[in-house]
Every structure is written in structure tokens, then in C-alpha cells.
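Visitor: This is the structure I want to talk about, given as C-alpha cells.
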Amino acid sequence: MVRREFIKKLIKGFFILTTSVVAIITTWFLYPTGIRLKKYTFFDLMDEEALPIKGVRRVDYLFKADQSGAKLSRDMAGVVYIVNNTKKIFALSPVCTHLGCLVTYNRHKNEFICPCHGGRYDTEGVVLGGPPPEPLTRLPLTVENGRVFVGFKI
Ligand code: FES
């Protein structure tokens, strides 16, 4: 009887250990290293006075590699949307969460529209329609000494 219970506990312990190891290994491989390790690097985007008082403002940026303090190995250009919804100011990535096309802001509809498959987002980045599975990515934004800094994963 004692031997039978010992074997049962041994099998149970082995099962728990095996499933735990499999879960850890699976998680490790399913979550790509690039995403795991990348952190935000902040770049000087613009003057604080250029922040929108209300609404959405598109900002085209060009960060030069030779002026980035060795953060960049080559120039980085792109677009970011700065949104002021009167409660909070935040930055939105224009990259559609469906297949990565760049959304544009439609001032008349007050929403972001993806030209590829018609994905639509509100000014908070929340999906309104179409195939996008997730909201637009919010990028960290800080204001220091009159300058606006936005974080990018590079
Ligand atoms: S890539 Fe934007 S809706 Fe498909």
C-alpha cells in the first residue's frame, strides 16, 4: 500500500515537472527574442509648442545616425501621430496591426484608415472596423525641458 502511494506521487511529480518544463520551453520559443529584449529608445521629436492643442497631428521625423549619439547605425525616418484628446497627450504608431501597412488620419471622419484592407481605428487607436486584430500601438511620450521625446523600439 505504501509502495503504491509512493509510485503514484512519483508519477504525479514527474507529470508536473514535465508539463512545467514543456510550458517554459514553448513560451520561450513562441515569444521571439527580438520582442523579448527590445526596449524603447527615446528620440527628440519636436518642440513642446508644436504639440496639438486638441486633436491629431501627423509628425514626419528623420533621425540622423550621425546625430543620434550612436543609438542608430543608419538614418531612421517615418511618421508618428500625436493625439491630444484633451485628457491626455499620447503618440500612436501608424503601423496597422493587421499586416503592417501605414494608416493615415482622415480629418473629416476623425479616424485612422488603413489603405490596404480598409481597417479603421478611432483617435485612441481602438479598432472600429475591418480586419485589424489589435489597436494601434501607443508609443511612450515624454516632455522634458520644452522638448517632446517619443520612444521607438529600434
Ligand atoms: S494591413 Fe491594414 S487592414 Fe490590412
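Just so it is clear, none of the values below were taken in a lab; they were calculated from the coordinates. Quick caveat, the model's predicted, so the values are computed rather than measured. So basically every Cβ, Gly included, is an ideal-geometry build from the backbone, and we count neighbours across all protein chains shown.
Visitor: Among F42, F14, F63, which one moves the most in a GNM of the chain with springs linking Cα atoms closer than 10 Å?
Guide: In this elastic network of the chain, the residue with the biggest mean-square fluctuation among F42, F14, F63 is F14.
Visitor: Given the DSSP H assignment, sum -39500 (n - 2.57) over each helix run of at least 4 residues in the chain and divide by its residue total; what's the result at 222 nm in deg cm²/dmol, nearest 500?
Guide: It lands at -7500 deg cm²/dmol.
Visitor: I would also like to ask the following. Identify which of T41, T18, T97 has the largest mean-square fluctuation in a Gaussian network model of the chain, with springs joining Cα atoms closer than 10 Å.
Guide: Greatest mean-square fluctuation among the candidates belongs to T18.
Visitor: Calculate how steeply helix 2-30 sits against the longest principal axis of the alpha-carbon atoms of the chain, using the helix alpha-carbon long axis, and give the answer as 0 to 90 degrees to the nearest 10.
Guide: On a 0 to 90 degree scale, this one is about 20.
Visitor: Along each principal axis of its Cα atoms, how long is the chain end to end? Whole angstroms, biggest number first, please.
Guide: Computed over the Cα atoms, the extents are 79, 41, 30 Å.
Visitor: Neighbour counts of other C-beta atoms within 10 Å: give me H117, H98 arranged from fewest to most. Could the numbers behind the result be given before it?
Guide: Details: H117 12, H98 18.
Going from least to most buried by this count: H117, H98.
Visitor: Structure shown: which of K39/K64; K54/K88; K88/K109 lie over 18 Å apart, alpha-carbon to alpha-carbon? Mind dumping the intermediate values first?
Guide: Values: K39/K64 20 Å; K54/K88 10 Å; K88/K109 21 Å.
Pairs exceeding 18 Å: K39/K64; K88/K109.
Visitor: Let me ask another. Would you list, by chain and number, the lysines whose Cα falls below 25 Å from the Cα of K9, excluding same-chain residues fewer than 8 positions away?
Guide: Within the straight-line limit of under 25 Å, K9 reaches no lysines at all.
Visitor: Okay, moving on. If we count every other residue with Cβ under 14 angstrom of L136's Cβ, Lys/Arg +1 and Asp/Glu -1, where does the sum land? Write out the running numbers ahead of the final one.
Guide: Values: positive: R58, R120, R138; negative: E111, D122, E124, E134.
Residues close to L136 contribute a combined charge of -1.
Visitor: Let me ask something else about it. Placing +1 at every Lys and Arg Cβ and -1 at every Asp and Glu Cβ, with all other atoms neutral, what dipole size does the chain have around its Cα centre, in debye to the nearest 20?
Guide: Around 980 debye, computed over the chain.
Visitor: With a sphere of radius 12 Å drawn around the Cβ of V148, what net charge do the other residues whose Cβ falls strictly inside it have (Lys, Arg +1; Asp, Glu -1)? Can you show the working numbers first?
Guide: On the way: positive: R57, R147; negative: D44, D47, E48, E49, E144.
In short, -3.
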